[in-house]
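Just below is one structure, and these are the notes that go with it.
The values are calculated or read from the model by the stated rules, or taken from the named source; none is laboratory data. The shown structure was predicted, so the numbers you read here are calculated from the model rather than taken from an experiment. For neighbour counting, all protein chains shown are included, and Cβ atoms are generated from backbone atoms with ideal geometry for every residue, glycine included.
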């Protein structure tokens, strides 16, 4: 009886079912490609269920997090510490990306433009500019920002709204009570939607393989492999040391985060794992005033995986076009990407928009975009996972900087 119960508990674990459906989706996509393409609506349905959670949950969690601070000075300290860490991690991600793409040169010998490819159909038309980024910080209509799922605008609005609620004192208490109730309701809503996660994940994998096929990886496999290697190195030299400094036990941390990372990897959406990541950080002992403020802030300003990817693909395009980029030019490109990636979450088809903006700025051919698109979904899985992991680490890091103790099962002695 005990063995049966143990087996049931194991197979009832979300991680088990996500990985099982990942494998089934992979096999279906490879052996039944036409059928697998028809599964795409299931992936879309699941992502719609997640996306409808994001705006109210981010809004309520940020307001609750801000209002749980004792005063604005305390809140400002948390924000400053978060921004400092974001800049450190982003800079290291850019340097790692540039080093790996220059060392392995994945673009050498690549056929830049596949025959019969129409650039107009795939190349993003929007370019990232500093002026556009600044103008985009606040929504002209908050409802419109929610409808578009514009995370950056929602975060900025929620921060200002939460600060105003905190400054209002007793008059703001009914608003805080409402946001606390909304926060709890949205967590229950998330539990319901997450029952669909294995099906959504399996359908996402099947549709990706069925649509693009495994053959698309062959000519671009070197870029994919170098990106994965660079992301692993970034995690080992940046995020793991940050966790060690935070005195958190690595095995319990990654065990807790494993299903969230698997979900982000399979769906290529770190938003899908946001609600459960917030709950995981709470279980680790991170206080709400830190987790509910730093984590959503990181979704717009701390995209380590996407930053590293953009650094690599920009130079990859130059290599594929046989264009030599000087060290000075690459440093200038790094500074541009450091700025533009801060608003990456606010732009539709974000990474490709930022990439095309960098290509235009430095006179590199946009013809590379269709080639990258062929394997972009596979690379997106890895960079999205690192984005999520980076934001979880950033939240733990800031909590440690605030001298907050973790839960005993996660806290290293010292």
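Residues in segment 245-259 that are in a helix (DSSP H, G or I) and touching a residue at least 24 places away in the same chain (Cβ under 8 Å): 245, 252, 253, 256, 257, 258, 259.
Inside segment 32-134, counting only helices (runs of 4 or more DSSP H) that do not spill past its ends, which hold 3 or more residues that are under 29 Å from residue 286 (Cβ atoms), within 18 Å of the chain's Cα centre (by Cα) and modelled with pLDDT of 75 or more?
Details: elements: 33-37, 40-67, 72-104.
Output list reads 40-67, 72-104.
The set of residues from segment 240-256 being surrounded by 16 or more Cβ atoms within 10 Å (Cβ to Cβ) and closer than 18 Å to residue 85 by Cβ comprises 242, 243, 246, 248, 253. Of all residues in segment 15-31 being free of Cβ contacts under 8 Å to residues at least 40 places away in the same chain and under 25 Å from the mean Cα position of the chain (by Cα), which is surrounded by the fewest Cβ atoms within 10 Å (Cβ to Cβ)? So, considering only residues that are free of Cβ contacts under 8 Å to residues at least 40 places away in the same chain and under 25 Å from the mean Cα position of the chain (by Cα), the one surrounded by the fewest Cβ atoms within 10 Å (Cβ to Cβ) is 23. Here residue 301 meets the list (1) modelled with pLDDT of 90 or more; (2) surrounded by fewer than 24 Cβ atoms within 10 Å (Cβ to Cβ) almost entirely, failing just condition (1). If only residues of segment 260-290 that are modelled with pLDDT under 85 and not in a helix (DSSP H, G or I) are counted, the one that is surrounded by the fewest Cβ atoms within 10 Å (Cβ to Cβ) is 268.
Among the listed residues 174, 241, identify the single one that is under 30 Å from residue 52 (Cα atoms), assigned to a helix (DSSP H, G or I), out of contact with any helix residue (DSSP H, G or I) (no Cβ under 9 Å at 6 or more places or on another chain) and modelled with pLDDT of 85 or more.
174
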